[in-house]
Amino acid sequence: MKISAANLPHLLAAAVLLAAFAAPAATATAATSPRDAGALAKSTYIYIATVRKDGNQSRAVPVWFITTGDNQVLIETSPTSWKAKRIKRGSPALIWIGSPTGPAFIGKAEIVEDKALQDEVIAGYPKKYLLARIGYARPTRAKLDSGQIVVIRISPTRDLPDGFQSAPGTPAPHP
């Protein structure tokens, strides 16, 4: 094709479309920071708080967790827990790693129906936690299928400053 003034607008439009399709898709989450990836690898618990309807933080509670290959956090909980109810309506998750004063991040949280992710939790908890290995609080396919528990995936969106602390009843940071 010969480039001329007449076909220049068509070439520019084609270049814009090509660039749009060739560019990697933007994701809603950021990569887990090295600080948080290291802390997650060493920790037994995370402390999770959600955001209430009024925009304030809930109380951070300790929970068991596992991480995926790309350092997303997976937890299981009752579908009637406050954290599950708030996450279902779109609340982000505030996470402290290892202790209530550990490294903190804010993440996009969602209840997942993906059986592969659910199976990661079913298999991962007993590997990580002795109590799950002996049958205490162990997630099972039967519990998931019956709706007794749900799996929540938390994808980090940004680190919170070192020293950021849980402060129930105060405004939550913006994701």
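Here are the numbers for this structure:
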| read-out | value |
| --- | --- |
| For Arg141, net neighbour charge (Lys/Arg +1, Asp/Glu -1) across residues whose Cβ lies under 15 Å away | -3 |
| For Asp159, Asp36, order by how many other beta-carbon atoms lie within 10 Å, fewest first | Asp159, Asp36 |
| For Gly102, net neighbour charge (Lys/Arg +1, Asp/Glu -1) across residues whose Cβ lies under 11 Å away | 0 |
| Share of alpha-carbon pairs per 5 Å distance bin for the stretch 83-175, given as whole % | 3, 13, 18, 20, 19, 15, 11, 3, 0 |
| Three-way shape call for the stretch 28-159 based on the alpha-carbon gyration tensor, with the a/c threshold at 1.5 | oblate |
| Loop-resident sites, the stretch 86-158, for chymotrypsin sites (Phe, Trp or Tyr not before Pro), counting at most 11 other Cβ within 10 Å (DSSP) | Tyr136 |
| Normalised contact order of the stretch 28-159, rounded percent, pairs of Cα under 8 Å and 6 or more residues apart | 31 |
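Only the coordinates and a few stated rules stand behind these numbers; no lab work does. Predicted model only: the values in this text are computed from it and were never measured. We place every Cβ from the backbone using ideal geometry, glycine too, and count neighbours over all the protein chains shown.
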